Amino acid sequence: YKVVATNRIGSSAPNNEISAPYIGDTCNGVIIHQNDPTHPEAAAAGAGQVPQLLIDYEAVAEPYLNGANELMFRMKVSDLSAGLPPNSRWRMVWDSFASPGQQFYVGMTTDSSSTPTFEYGTIATAVVGLVLGVPQETKVGPADAASNYKSDGTIAIFVPKAAVGNPRPGDLLGAVNGRTFADNTTFERSTQLIDHTFVKAQTDNAYPTATYTIAGNNVCAPAPPPTPTPTPKPKHSPH
């Protein structure tokens, strides 16, 4: 049904809903959040326009990797062709009751010489004085060796599902979001936060919703080769 308001000026639009479908697929990556190209969210936070730390989008996938049960998280920043900045963090975070602190993260970190490492872990929020929560990372281990970054700004992190709660088909990864920091501490609340995909205080700059539904890696398995058609044997005429 439709609801239309009518007064002496006229009638309202019967439907002003705008569809924002997901882009991509579970094999190559479903884009969960996409920021405005001008990055108003970073400007609103007073952050400098550092292209290596400005998030264009983030995506989640379950590629078929010879039967491995893996998740792939991808973050696209504006540009990495000038190299990685030192002492920086790129993080992708999601909600899960399987985490001791109800959040998991994966990410890339650089040291003082800009050497990157890839990791996964948990985030827990300690309460200070019953007022302020202080989210802090606890690294659990290195991400899979396939994790990498490219000069075009693409960062891909691979992690076994068993390491992050072993989500099954139909389970949800909630509130998937990206964050970048100009530091390599373990604090998620930091004055060195550069960009994010989760704050809407200044502008509704990210879309669509931030939930990913597990589909299963086997959905992306290659199709089996066709069964060969048997060649009929020739019939011999009776003598």
Inset, instruction - Give the share of C-alpha pairs in each 5 angstrom bin for region 20-219, from 0 to the last occupied bin, in whole percents, shortest bins first. - result: 1, 8, 16, 22, 21, 17, 10, 4, 1, 0
Inset, instruction - Return the single residue from P226, P63, P21 with maximal mean-square fluctuation; model: Gaussian network over the chain, springs between Cα atoms under 10 Å. - result: P226
Inset, instruction - Work through the residues other than P85 whose Cβ is under 14 Å from its Cβ and net out their charges, Lys, Arg +1 and Asp, Glu -1. - result: -3
Inset, instruction - Count charges around P51 for me, please; just the other residues with Cβ under 12 Å from its Cβ, Lys/Arg as +1, Asp/Glu as -1. - result: -3
Inset, instruction - Have a look at A210, A223, A126 and tell me which one the Gaussian network model of the chain (Cα, springs below 10 Å) gives the largest fluctuation. - result: A223
Legend entry - Length released on extending from Y64 to S81, taking residue separation times 0.36 nm less the Cα-Cα span: 3.2 nm
Inset, instruction - Determine the dipole magnitude for region 20-219: charges of +1 sit on the beta-carbon of Lys and Arg, -1 on that of Asp and Glu, nothing else is charged, the reference point is the Cα centre, and the result goes in debye to the nearest 20. - result: 240 debye
Inset, instruction - Calculate, for A98 and A13, the FRET efficiency according to 1/(1 + (r/R0)^6) with r their C-beta to C-beta distance and R0 45 Å; round to the nearest 0.05. - result: 0.55
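Every read-out reported here was derived from the displayed coordinates using simple, explicitly stated rules and does not represent laboratory data. This structure is a prediction, so every number in the text was calculated from the model and none was measured. Cβ coordinates were reconstructed from backbone atoms using ideal geometry, including for glycine residues, and neighbour counts include every protein chain displayed.
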